[in-house]
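Below is one structure, written out as structure tokens; comments come after it.
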Amino acid sequence: MKRTTRNRLVAYSFLLPNFIGFLVFTLIPVIAALGLSFMKWDSYSPMRFVGLRNFQTMLKDSSFKIAFWNTLYFTGLTVPLTIVVALILALALNKGLRSVKVFRAIHFFPHVASTIAVAVVWQFLYHPDMGPINQLLRLVGVSDPPRWTASVTWAMPAVIIMSVWKSAGYYMVMFLAGLQGIPGHLYEVATIDGATAWQKFRYVTLPLLTPTLFFVLTMNLIYSFKVFDQIYIMTEGGPGRATMVLVYYIYLQAFVNQNFGYASAMAAVFFLLILGVTIFQFRLQERWVTYLD
Amino acid sequence: MRKYGLGLFAAVLLIAFVAAPVVQAQVTLKFACWDYELNQYDKTLIEEFERRNPDIKVEVYDMPASEYPDKMLIMLAGGEDVDVFYAKDPTMYGGLVLRQQIRPLDDLIARDSVDLSGYGGNLENVRIDGKIYGLPYRADFWILFYNKDLFDRFGVPYPTNDMTWPEFRETAKLLTSGEGAEKTYGTYIHTWASTYFVYGLQKHMGDLVEGPYEMLRDGLELAWQIQMVDKSAADYATNKAMGAHYRGLFEQGNIGMLYMGTWYMQALLHDAAQGLHNVRWGIVRLPQWEGLPHATIGNVTPVVINAKTKHLEEAWRLVKFLSGPEGASVLAENVIVPGYVDESVFETFAGVEGFPTDNMEALLTETVYMEWPAHPLSGLLGQMVEEEIVLAMTGNKSIDDAIADMEARREEIILLNQ
């Protein structure tokens, strides 16, 4: 056996355990789901091949359309808001002081808490009459505060606000890591050149933070598309279908209505959507992400 | 010590030899139900069955009530050999029949000439395309519970069996007063969709799969008036956000009337025995619409046999036991309305400590409509009807629009699921 072949085999044998896990628990189910999307199946009766019918159904299904747009709505607002909040927090807490560490921990805390528990608490905070949020709003003179999760207009913003609160701390830590990676001498040079604080941020911090920003943007987009827990607990997709998002609708079709074929077809479309957005992002990154040599 | 050890060994051997033939002859049946340990009455039944049938051992799969239909479905899909189980409601039952997962029992009923008269009208609700796939084990229906202390405090006469919904609304107003901890509400309307459509089904206009949704209008108007105009009940959004539960609220003693299923009788007695409340409660028939014959809404729980069972004879014996007079008497002792009803059931109820005996007629039913019929689209339509009811009851949509949209969305669902 040639030496290189043997080396390669040794390397593969190290990869094998992990790959088997991936194969059994991820790859095969994903391929099976893709196959299922051309079937009609209620998990018990024999599967029936229906060709593209599940995909045609999607085009006619008003709930699917609503869920699709709601997912874009949620993502379109959650991602930029989370990034802005996380960045502001990171900039404010990027100091070596002891007290700052306490604040970092406080802001990271929502990420550690279970989404389910947090969503239950927020559901109470949003209570139209007795919830602390509306009591506060009334106190400062808002006579007719939003009815939050009970209102078709405000249910989605309510979920978005809660989601931003929940994940901003996590991305703050990412940004902090990115900020610490920027060499200090660049700021010294900028100071000597007479740059203002804003100029330092705009021309030193921001460009060198773009790799982190890219990572945060990609992860956050994927996580936002996948939103489920908050919806499941806080609104159940309601009132009506106001917060019906794709993953929740897929869940309903699969596990409540036993419509596994249709649910798989929607999951396939959903997968393509995320894949498309991610590829688009990677293409775009060459234009705006700066890597320090 | 060694001597004793040897003796013990001999004794064990002896027992093993003696017991062996019995053990070998025993058939193990697998039985699934919900809240077995929590509720105890199924446990009483199964233990009694095992005592009377020493050749059968029953292995129980115990699941939480809320997860039962889903888990059962997954177990059956996975080929789990459960022999006997409950179909929790007509929707689950209909699905099982549709997928041919359970076995028609007509041949066995005929062979053993089982007396079906005790099931009364419940039998019609387990008959699908002329065949009986399960025998009714429980048969709950909606009645009105009321708090006698509260009625006495406000000097309002107790409700009667012929109360109408407009009278219900007026009575609720009389019982509403106070603020904060002293606040009393005339009624509480629970956050299930069924709580909002029971009134509609009482219109005798058909079921929610095929009947016109126009039937829901008066009931939704009534609920809206009670919650938003009279404010004699907390509104839907408040209850939902608080995760309100009828059990705790009624037992706090500041709710005058509560329309709910007969399953609540058992819980009320149980909670009182635990010292959780001291509400003096009474029951009357579900209020009705003026000029229409009385009807209430119900839910039948049939006990069924897996089509793939390998122990049909033993399974059938368990089904007959659970759904027959023996099962009924154990359920009655626990104040649960069995599918098999004879006079002894009500006598047993009346004999239970704390049961209000002043109005046993409340439990007599003429017409019982199912919440959802055993129909393949019940699940999808149920989701849709609930969404529209919530929109109307949270003021996001007018009742007119909600009803019109229900009709339109039903068309869509039927079209998409042809």
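The values are calculated or read from the model by the stated rules, or taken from the named source; none is laboratory data. Please read all numbers here as calculations on a predicted model, not as lab measurements. Cβ: placed from backbone, ideal geometry, glycine included. Neighbour counts: every protein chain shown.
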Of the candidates A:Ile83, A:Ile106, A:Ile88, the one satisfying the condition of being more than 27 Å from A:Tyr248 (Cα to Cα), part of a helix (DSSP H, G or I) and at pLDDT 90 or above is A:Ile88
Considering A:Phe64, A:Phe74, which residue is part of a helix (DSSP H, G or I) and within 14 Å of chain B (Cβ to nearest Cβ)? A:Phe64
Please state which of the following conditions A:His127 fails to meet, knowing it meets all the rest: (1) within 13 Å of another protein chain (Cβ to nearest Cβ); (2) part of a helix (DSSP H, G or I); (3) not basic (Lys, Arg). (2)
For segment B:12-55, give me the residue count where each residue is farther than 30 Å from B:His270 by Cβ, modelled with pLDDT of 55 or more and in a helix (DSSP H, G or I). 1
How many residues, within segment A:130-139, are farther than 27 Å from A:Asn220 by Cα, of a type in the set (A, V, I, L, M) and assigned to a helix (DSSP H, G or I)? 3
Does segment A:230-244 contain at least one residue that is under 30 Å from A:Trp69 (Cα atoms) and touching a Leu at 6+ places or on another chain (Cβ under 7 Å)? yes
When every residue in segment A:166-204 that is among the hydroxyl-bearing types (Ser, Thr, Tyr) and free of Cβ contacts under 8 Å to residues at least 40 places away in the same chain is compared, the one nearest to A:Asn220 (Cα to Cα) is A:Tyr203
Subset of segment A:53-84 [more than 17 Å from A:Ala267 (Cα to Cα) and among the hydrophobic types (A, V, I, L, M, F, W, C)]: A:Phe74, A:Leu77, A:Val79, A:Leu81, A:Ile83, A:Val84
Test A:Gly35 against the stated conditions and say whether it is more than 10 Å from chain B (Cβ to nearest Cβ), under 23 Å from B:Leu73 (Cα atoms) and either assigned to a helix (DSSP H, G or I) or at pLDDT 90 or above (or both). yes
Given the options B:Met406, B:Met393, B:Met360, B:Met370, name the one that is more than 14 Å from every other protein chain (Cβ to nearest Cβ), buried (at least 18 other Cβ atoms within 10 Å of the Cβ) and of a type outside the set (Phe, Trp, Tyr). B:Met370
Just to check your reading of the model, which residue among B:Arg317, B:Arg280, B:Arg285 is of a type in the set (Lys, Arg) and either free of Cβ contacts under 8 Å to residues at least 24 places away in the same chain or surrounded by fewer than 19 Cβ atoms within 10 Å (Cβ to Cβ) (or both)? B:Arg280
Quick one: which helices (runs of 4 or more DSSP H) sit completely within segment A:178-267 and have at least 1 residues that are within 14 Å of chain B (Cβ to nearest Cβ), crowded, with 23+ Cβ neighbours inside 10 Å and of a type outside the set (A, V, I, L, M, F, W, C)? A:246-251
Those residues that are part of a helix (DSSP H, G or I) and modelled with pLDDT under 90, I need them from segment A:140-168; list them, please. A:Trp148, A:Thr149, A:Ala150
Got a number for residues in segment A:140-156 being farther than 21 Å from A:Tyr223 by Cα and within 25 Å of the chain's Cα centre (by Cα)? 7
Which of the residues that make up segment B:61-78 are in contact (Cβ under 8 Å) with a residue 12 or more places away in the chain, closer than 15 Å to B:Asn306 by Cα and either within 14 Å of chain A (Cβ to nearest Cβ) or surrounded by fewer than 16 Cβ atoms within 10 Å (Cβ to Cβ) (or both)? B:Pro69, B:Met72, B:Leu73, B:Met75, B:Leu76
So which residues in segment B:90-123 are hydrophobic (A, V, I, L, M, F, W, C) and either in a helix (DSSP H, G or I) or closer than 17 Å to B:Leu76 by Cα (or both), if there are any at all? B:Met92, B:Leu96, B:Val97, B:Leu98, B:Ile102, B:Leu108, B:Ile109, B:Ala110, B:Leu123
Can you tell me which residue in segment B:92-115 is nearest to the other protein chains (Cβ to nearest Cβ), limited to those that are surrounded by 14 or more Cβ atoms within 10 Å (Cβ to Cβ) and more than 27 Å from A:Gln258 (Cβ to Cβ)? B:Leu108
Take the residues of segment B:56-84 that are touching a Phe, Trp or Tyr at 6+ places or on another chain (Cβ under 6 Å) and modelled with pLDDT of 85 or more: which is farthest from B:Trp316 (Cα to Cα)? B:Ala65
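For (1) of a type in the set (S, T, N, Q); (2) part of a helix (DSSP H, G or I); (3) in contact (Cβ under 8 Å) with a residue 60 or more places away in the chain, each residue gets a yes or a no:
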residue: B:Asn125; (1), (2), (3): yes, yes, yes
residue: B:Leu135; (1), (2), (3): no, no, yes
residue: B:Phe151; (1), (2), (3): no, yes, yes
residue: B:Asn161; (1), (2), (3): yes, no, yes
residue: B:Thr171; (1), (2), (3): yes, yes, yes
residue: B:Gly186; (1), (2), (3): no, no, yes
residue: B:His190; (1), (2), (3): no, no, yes
Does A:Phe49 count as in contact with a strand residue (DSSP E or B) (Cβ under 9 Å, 6 or more places away or on another chain) and away from chain B (no Cβ under 14 Å)? yes
Scanning segment B:272-329 residue by residue, those farther than 30 Å from B:Pro159 by Cβ, of a type outside the set (D, E, K, R) and part of a loop (DSSP other than H, G, I, E, B) turn out to be B:Ala307, B:Thr309, B:His311, B:Gly324
Do the conditions hold for B:Ile414, that is, is it more than 30 Å from B:Pro159 (Cβ to Cβ), β-branched (Val, Ile, Thr) and not in a loop (DSSP other than H, G, I, E, B)? yes
Filter the helices (runs of 4 or more DSSP H) completely within segment B:203-263 down to those with at least 1 residues that are of a type in the set (Phe, Trp, Tyr), under 16 Å from B:Leu175 (Cα atoms) and not assigned by TED's automatic domain parsing to the domain that holds B:Asn334. B:246-252
Can you say whether B:Gly382 is at positive phi, out of contact with any His (no Cβ under 7 Å at 6 or more places or on another chain) and within 13 Å of chain A (Cβ to nearest Cβ), as far as the supplied structure shows? no
Please work out which one of (1) out of contact with any helix residue (DSSP H, G or I) (no Cβ under 7 Å at 6 or more places or on another chain); (2) part of a loop (DSSP other than H, G, I, E, B); (3) surrounded by 22 or more Cβ atoms within 10 Å (Cβ to Cβ) is the condition B:Glu387 fails and give its number. (2)
